[in-house]
Every structure is written in C-alpha cells, then in structure tokens.
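Heads up: the structure comes next, in structure tokens.
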Amino acid sequence: ALSGLIAFCTGRKIPLIVCTTGLSDEQAASLKEAAKTIPVFRSGNMSLGINLFMDLLRRAAKVLGDGYNVEIVERHHNRKVDAPSGTAYMLADAVKEGLAYTPEYVYERHSARRRREKTEIGIHSIRGGTIVGEHQVIFAGPDEIIEFNHTILSREVFATGALKAVLLMAETKTPGLYDM
C-alpha cells in the first residue's frame, strides 16, 4: 500500500507518517524522494522508549568500541511471524552507527561451529506466550558486562508515540525526512 499512500500524500501536499519495518530499499528510496516535496515521518517503532534506547546504544558503542562483544536478544508473542524483529534490526543498526567498523550480523549460533569474531553482532529471537516486546542488548567486555533492557508491557506505547508523531507532523510544513 506504500506507493498508493505516497501518491495520495504528495498529490495533496499533506504530511506522510510511516510506522513499519521491513521496507525494501526501493520503498525506502521512494520515501526519501517524497520527502523532497512533503514532510515524511518514518520510524519502525513508535515507542519513545525504544527510540531513546537506540540513541543510548549508539553512544555506548562509540565509547566501548571494538573492545566489547555485542549480543541482542529479542522476545515477542507466539504469533509474531518475523524473526528477528524489525526493532531488533533497528537496535543492531544503532549499535553499528556507533562503531568504527562494519559489523556482521550473526543469527542464533546453533550452526556456527567456530569461535566468535570480534566484529559480530549476535541477534537472537524468542517467541512465546503474549510477550508484547522485550529487547536486551549486551556489551560483553573483558571482566565487565553492560546490559541495556527495554520492555513493552502494552501496545498502548505505540499509540502514544503515533499520536506524538501526528501532532508534530500536523505543525510541520517543511519538506524533509523526520523521525522520533
């Protein structure tokens, strides 16, 4: 539905809000193109906490550098189809932005019969029950472990963030790409 939504908003010169993950490179490029003529708000997760979490992870990665191994564990309900979640990718990308090297994302480890490389970010998915969303990012270094955790207890946090985005974009007249 994205191309039709972009056409609708650009044709009427109204702001566009997109809150999803899993967009193709072509779809992401079409949003950037639309942002040349209208305000476009894009976030893969509307939780204010997750977006703050991402900023903290960028800063932690920049400070800790390549001296720490990074692992991400995400948990969601048993009906969630994608694994890892789009939010897990967002968190991994936030860590990547803070690093001086380009890490390799490694999923699970059951088939990796080798020693862990320094440049890996491990990503692990758990599906069960009615878990709305839990994300843990572990920086494991020499003789020290730093863990960041975020837990969503209700989907209401997504609605709260979406309403904040709507209020922001209702006042935004300048074309461009906006986020949380």
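The values are calculated or read from the model by the stated rules, or taken from the named source; none is laboratory data. Because the structure is a prediction, the values reported are computed rather than measured. Cβ placement follows ideal geometry from the backbone for every residue including glycine, while neighbour counts extend to all protein chains displayed. Accessible surface areas use protein heavy atoms only, side chains included; no ligands, DNA or RNA. Shrake-Rupley method; radii C 1.70, N 1.55, O 1.52, S 1.80 Å.
Return the residues of region 84-109 that are farther than 27 Å from Arg127 by Cα, open to solvent by 70 Å² or more (accessible area, probe 1.4 Å) and out of contact with any Ser or Thr (no Cβ under 9 Å at 6 or more places or on another chain); say none if nothing qualifies.
First, pick out the residues of region 84-109 that are farther than 27 Å from Arg127 by Cα: 97-102.
Add one more test, that the residue is open to solvent by 70 Å² or more (accessible area, probe 1.4 Å), and what stays is 97, 100, 102.
Residues satisfying the conditions are Glu97, Ala100.
Checking the condition farther than 21 Å from Cys19 by Cα and surrounded by fewer than 19 Cβ atoms within 10 Å (Cβ to Cβ), which residue from Val70, Val81, Val63 passes?
Working: Val70 fails: surrounded by fewer than 19 Cβ atoms within 10 Å (Cβ to Cβ); Val81 fails: farther than 21 Å from Cys19 by Cα.
Testing whether each residue is farther than 21 Å from Cys19 by Cα and surrounded by fewer than 19 Cβ atoms within 10 Å (Cβ to Cβ) leaves just Val63.
Give the residues of region 73-96 that are in contact with a helix residue (DSSP H, G or I) (Cβ under 7 Å, 6 or more places away or on another chain) and closer than 20 Å to Met46 by Cβ, sorted by residue number.
Step one: filter region 73-96 for residues in contact with a helix residue (DSSP H, G or I) (Cβ under 7 Å, 6 or more places away or on another chain), giving 74, 87, 90-91, 94-95.
Correct list: Glu74, Thr87, Met90, Leu91, Ala94.
Can you tell me which residue among Lys36, Lys32 is more than 29 Å from Arg155 (Cβ to Cβ), touching a residue at least 40 places away in the same chain (Cβ under 8 Å) and open to solvent by 60 Å² or more (accessible area, probe 1.4 Å)? Spell out how you get there, then give the answer.
On the way: Lys32 fails: more than 29 Å from Arg155 (Cβ to Cβ).
Exactly one residue qualifies, and that residue is Lys36.
When residues of region 39-54 are filtered for being surrounded by 13 or more Cβ atoms within 10 Å (Cβ to Cβ) and out of contact with any strand residue (DSSP E or B) (no Cβ under 7 Å at 6 or more places or on another chain), how many remain?
From region 39-54, those surrounded by 13 or more Cβ atoms within 10 Å (Cβ to Cβ) are 39-51, 53-54; that's our starting set.
Cutting the leftovers down to out of contact with any strand residue (DSSP E or B) (no Cβ under 7 Å at 6 or more places or on another chain) gives us 43-46, 48, 51, 54.
The qualifying residues number 7.
Can you tell me which of Glu120, Glu134 is touching a residue at least 60 places away in the same chain (Cβ under 8 Å), open to solvent by less than 60 Å² (accessible area, probe 1.4 Å), over 24 Å from Ile17 (Cα atoms) and charged (D, E, K, R)? Step through it out loud before you land on a result.
Values: Glu120 fails: touching a residue at least 60 places away in the same chain (Cβ under 8 Å).
One residue alone meets the criteria, Glu134.
Identify, from the list Phe148, Phe139, the residue that is touching a residue at least 60 places away in the same chain (Cβ under 8 Å), open to solvent by 40 Å² or more (accessible area, probe 1.4 Å) and either assigned to a strand (DSSP E or B) or of a type in the set (S, T, N, Q) (or both).
From the options Phe148, Phe139, the qualifying one is Phe148.
Considering only region 80-125, state which residues are among the hydrophobic types (A, V, I, L, M, F, W, C) and either part of a helix (DSSP H, G or I) or under 14 Å from Arg58 (Cα atoms) (or both). Working first, answer last.
Looking only at region 80-125, we keep the residues that are among the hydrophobic types (A, V, I, L, M, F, W, C), and these are 81, 83, 88, 90-92, 94-95, 99-100, 106, 112, 121, 123.
Residues satisfying the conditions are Ala88, Met90, Leu91, Ala92, Ala94, Val95, Leu99, Ala100, Ile121.
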